Amino acid sequence: MDMKKTIHEIILNALGSALSEGELPAEPIPAFVVEQPGDPVHGDFACNAAMVSARAFKKAPRAIAETIVKHINLEGTALERVEIAGPGFINFYASPAYFAGILDEVQKQGKDYGCSDAGKGQRVLLEYVSANPTGPMHLGNARGGALGDSLASIMRAAGYYVEREFYVNDAGNQIEKFALSLDIRYQQLIKGEDAVEMPEDSYHGEDIIDHARGFRAKYGDEWLDKPEKDRRAEMVKFALPLNIERMKQDLGKYHIVYDNWFFESLLHNEGEVKAVIDGLTERGLTYEKDGAIWYKATEFGGEKDEVLVRNNGIPTYFAADIAYHRNKFLTRGFDVCINVWGADHHGHVARLRGAMDAIGLDGSKLEIVLIQLVNLMSGGERVRM
């Protein structure tokens, strides 16, 4: 039983009766809503019909509510009483039989209770957490995981085809910093901590030291004299899968399991980042400045133009992000893509949607859910994560 729909019809019938008897002026009935109050003291369902009709009927909301209630007939319904509250809200109270009926339905339908086919035929990709793979996850990642996974489950229950995805940023500056940090710790284990200085802006966590020890336990000192580029690539190859496996284990502790783990490096290796840059250039939406390639983001709602390729020839994270979302919509054919981000990424929303429009896709099909940041406190002090 759709009680909201039932109450909506009851109100319409009461209004119709009052109008026919001349107790309310013959004016169009404004749209009104039936909702569940936040406080059960205000009933099981509440309606604002009298409030929104005040201007049309040129009467006080409470007077309109009294007229409506006078014409309400609850006979044959699962409602036991109706009351007027405050300036003119109409509150309904359901009978115990109504709630007993709900429990019966829950028992009969089991896991299917509450499911529908509202989203049938729509393919949705839901990306959430996507934490930096260079270190352990933090509290904010956990919150995003809980929200994203719950949303995926709800949408599946509503009939949508949903895939859960974790985007692994295994390319770019953070991976270079990860490689450097591992390399320095490896060298320090062999030569001594004072022999090689750890850069201030590198990763200083204990996990980096643990990885360096593990790498040395496996390979000994044999990589010390090999080319730096090769050594660092091998160290990332060793440590990154361990970090990802740890993420999977941590997420699994609260039952988050992904359908896809999508790696950023794939976009570079298969030419999808280059395809985006070439496509924007063909559309006349890029230009060169200071040795870099810029995208005309201001033509698509951006506050400023954005660099796609740095003056060293390396594509930016934003270029890869455009390619990633192009892959979601164009390559894999999802109808709607939903990202769960921290509120600190709010400035990225408009420019990414604008970029979708710029490459010929529909930016409105990209939904961004922002979650506020929180602090973990201990003894009144903020705990660094």
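The values are calculated or read from the model by the stated rules, or taken from the named source; none is laboratory data. Please read these numbers as outputs of a predicted model, since none were measured by experiment. Note that we place each Cβ from the backbone using ideal geometry, even for glycine, and neighbour counts take in every protein chain shown.
Within region 4-26, the set of residues being closer than 15 Å to residue 93 by Cβ and touching a Phe, Trp or Tyr at 6+ places or on another chain (Cβ under 6 Å) comprises 7 only. Beta carbons closer than 7 Å, at least 6 apart along the sequence or on distinct chains, pair a first residue in region 127-143 that is at negative phi and modelled with pLDDT of 90 or more with a second that is in a strand (DSSP E or B) and among the charged types (D, E, K, R) for 127/165. Can you pull out every residue in region 128-156 that is closer than 24 Å to residue 384 by Cβ and in a helix (DSSP H, G or I)? Result: 139, 140, 141, 142, 143, 144, 145, 146, 147.
Taking every residue in region 248-271 that is touching a residue at least 40 places away in the same chain (Cβ under 8 Å) and within 15 Å of residue 321 (Cα to Cα) and pairing it with any residue that is surrounded by 11 or more Cβ atoms within 10 Å (Cβ to Cβ) and of a type in the set (Asp, Glu), at least 6 positions away or on another chain, the pairs with Cβ-Cβ distances below 8 Å are 262/165; 263/170; 264/170; 265/170. For region 343-385, filtered to residues that are basic (Lys, Arg) and outside the structural domain of residue 333 (by TED's automatic domain parsing), the residue that is nearest to the chain's Cα centre (by Cα) is 384. Inspect all residues belonging to region 168-176 and state whether any of them is farther than 30 Å from residue 212 by Cβ and touching a residue at least 40 places away in the same chain (Cβ under 8 Å). No, that holds for no residue. Does region 298-314 contain at least one residue that is at positive phi and surrounded by fewer than 20 Cβ atoms within 10 Å (Cβ to Cβ)? Yes: region 298-314 contains one or more residues that are at positive phi and surrounded by fewer than 20 Cβ atoms within 10 Å (Cβ to Cβ). Filtering region 46-86 to residues that are touching a residue at least 24 places away in the same chain (Cβ under 8 Å), of a type outside the set (A, V, I, L, M), closer than 22 Å to residue 96 by Cα and not in a loop (DSSP other than H, G, I, E, B) leaves 47, 83. Here residue 295 fulfils each of the conditions (1) modelled with pLDDT of 95 or more; (2) surrounded by fewer than 20 Cβ atoms within 10 Å (Cβ to Cβ) apart from (2). Working carefully through the options 95, 116, find the one that is in contact with a Gly (Cβ under 6 Å, 6 or more places away or on another chain), farther than 24 Å from residue 175 by Cα and of a type in the set (S, T, N, Q). Residue meeting the stated conditions: 116. The residues of region 304-356 that are β-branched (Val, Ile, Thr), under 19 Å from residue 130 (Cα atoms) and not in a helix (DSSP H, G or I), listed by number, are 316, 336, 338, 340.
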